[in-house]
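Have a look at the structure below before the remarks.
The values are calculated or read from the model by the stated rules, or taken from the named source; none is laboratory data. It should be emphasised that the depicted structure is a prediction, and the values quoted were computed from it without experimental measurement. Positions of Cβ are generated from backbone atoms using ideal geometry, with glycine treated the same way; all protein chains shown enter the neighbour counts. Note: accessible area is taken over every heavy atom of the protein model, side chains too, but ligands, DNA and RNA are not part of it. Shrake-Rupley method; radii C 1.70, N 1.55, O 1.52, S 1.80 Å.
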Amino acid sequence: MKLEKSKLTGNKTIQISGSKSISNRLLIMESLFENIKIGNLSNSQDTQLLKKALSEDSEIVNIHHAGTAMRFLTSYYSIFERKTTILTGSGRMKERPIKNLVNALRDLGAEIEYLENEGFPPLKITGKKITENKVDVPANISSQFITSLLLIAGKLENGLEIHLLGEVTSRSYIEMTLNILVKFGIRADFTGNIIKVEPFKDRDLPEINYEVESDWSSASYFYSFCALGRETIHLKSFYRESTQGDSVIAKIYEEFFGIKTIFAKEEHTITLQPKPDFSFPEKIILDMNNCPDIAQTLCVTASTLCIPFEISGLGTLKVKETDRLLALHNELKKLGTYTEITDSSIKSIQFNDPEEDISIKTYQDHRMAMSFAPYCLFKELTIEDENVVEKSYPMFWEDLSTILIQTNHE
């Protein structure tokens, strides 16, 4: 897809669908506890694949590229006694490590086999009654591994006590999961590095209606457009008191790019408003350990404005849809930004002129496509394999067309 050089139209309103992170958690809870009605469910491919898997009674479940579904379903299928499930996915999914989650489940008594390569999907899961209730889990792995265990914890006969070893990564996502459990009447506590979830004993769960707030990760791309285009954008169904860790994007973009977030309580609408005469910082130094999914967006915004940056806390990006740190390193060069990367950080070292014809590889990663899109406010570019956005935000390109006006080539 070619994005022509464009300018931003002010005062447009966009409705982003429900948070993918919240929706996926709720789908597991709905399947385990019933009596739950979900409103504003995410329309992302990941969520639809998980919903489809939960609705089918098939021995072989293929979740394609949906990493969240792979992790959540690994624990989910482990507790259905005498049910055997083959859980598989795409070629890339078979390269994404799942050993730490499988080890934790095995320690609890689950029966899981690797069908191809040790430590990676596909998995053969034979459901069992799990009575063990204490497990050690490395804290610096994907928070989705921990969430996967927490979502089944209330169904375990003796509950679950997780001891997190080391520094906790993406703590906000764990707290989001616990917040959902508590709303469903499941007692949970997160003190220090120990999480305790009590077994849910009440068989008569009252009907719960849960309206999913819109996705802050998806909102991040419009913060980038606003920062670069300096026009106002309105986004619907967002809440000031959000459980999503990526809601920190509001604070980050106000501090570093002068984008103020105004909350309208009545309509749950946020207005992204550029501050006039804002002075950009000399350098951005930030630990994004609790919000790694918005790091790509920030790096592209800073690169476009030639603001030096040093972002740490990004260890989980290497095991996402692609190695996102390497992907950023490669593609930012095309914008003229040279970087140094480690296993958990990225740092700009030089800004040069952009390439004449920019074509951004997406590496089967939805966030690569969307995070680089705002660069079209400065120069035309091509986004390869634009359909990857279906994973989290299928309407992205349509929504984009409502806020952009093409400009004449210079």
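Couple of notes before you dig in:
- Boolean, Phe120 is among the hydrophobic types (A, V, I, L, M, F, W, C), outside any strand (DSSP E or B) and farther than 16 Å from Ile195 by Cα: yes
- Positions within segment 368-391 being open to solvent by 10 Å² or more (accessible area, probe 1.4 Å), of a type in the set (Ser, Thr, Tyr) and either touching a helix residue (DSSP H, G or I) at 6+ places or on another chain (Cβ under 8 Å) or modelled with pLDDT under 95 (or both), in sequence order: Tyr375
Listed here are the residues, each with its yes/no results for (1) over 17 Å from Ser224 (Cβ atoms); (2) modelled with pLDDT under 95.
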{"position": "Thr337", "(1), (2)": "no, no"}
{"position": "Asp353", "(1), (2)": "yes, no"}
{"position": "His366", "(1), (2)": "no, yes"}
{"position": "Pro394", "(1), (2)": "yes, yes"}
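- Per the conditions (1) open to solvent by less than 10 Å² (accessible area, probe 1.4 Å); (2) touching a Ser or Thr at 6+ places or on another chain (Cβ under 6 Å); (3) over 22 Å from Gly315 (Cβ atoms), the sole criterion not satisfied by Leu108 is (2).
- In segment 310-326, the residues that are buried (at least 22 other Cβ atoms within 10 Å of the Cβ) and among the hydrophobic types (A, V, I, L, M, F, W, C): Ile311, Leu314, Leu317, Leu325
- Against the criterion of being of a type in the set (Gly, Ala, Ser), at positive phi and not assigned by the TED database to the domain that holds Val388, Gly91 does not qualify.
- Top-ranked residue of segment 282-300 - restricted to ones that are more than 19 Å from the chain's Cα centre (by Cα) and not aliphatic (A, V, I, L, M), ranked as most open to solvent (accessible area, probe 1.4 Å): Glu282
Residue-by-condition table, conditions (1) without any contact (Cβ under 8 Å) to a residue 24 or more places away in the chain; (2) in contact with a Gly (Cβ under 6 Å, 6 or more places away or on another chain); (3) over 30 Å from Thr9 (Cβ atoms); (4) surrounded by fewer than 20 Cβ atoms within 10 Å (Cβ to Cβ):
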| position | (1), (2), (3), (4) |
| --- | --- |
| Ile194 | no, no, yes, yes |
| Pro199 | no, yes, yes, yes |
| Asn209 | no, no, yes, yes |
| Trp216 | no, no, no, no |
| Tyr221 | no, no, no, no |
| Ala227 | no, no, no, no |
| Glu231 | no, yes, no, yes |
| Leu235 | no, no, no, no |
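- Here the condition is being over 20 Å from the mean Cα position of the chain (by Cα) and surrounded by fewer than 18 Cβ atoms within 10 Å (Cβ to Cβ); of Val135, Val61, Val102, it holds for Val135 alone.
- Scanning segment 392-410 for residues that are under 17 Å from Ala219 (Cα atoms) and either over 22 Å from the mean Cα position of the chain (by Cα) or open to solvent by less than 70 Å² (accessible area, probe 1.4 Å) (or both) gives Ser392, Tyr393, Pro394, Phe396, Trp397, Asp399, Leu400, Ser401, Thr402, Ile403, Leu404.
- Segment 147-159, residues that are open to solvent by less than 20 Å² (accessible area, probe 1.4 Å) and either in contact with an Asp or Glu (Cβ under 9 Å, 6 or more places away or on another chain) or at pLDDT below 95 (or both): Ala153, Gly154, Leu156, Gly159
- Qualifying position, being in contact (Cβ under 8 Å) with a residue 60 or more places away in the chain and assigned by the TED database to the domain that holds Lys155, among Thr85, Thr68: Thr68
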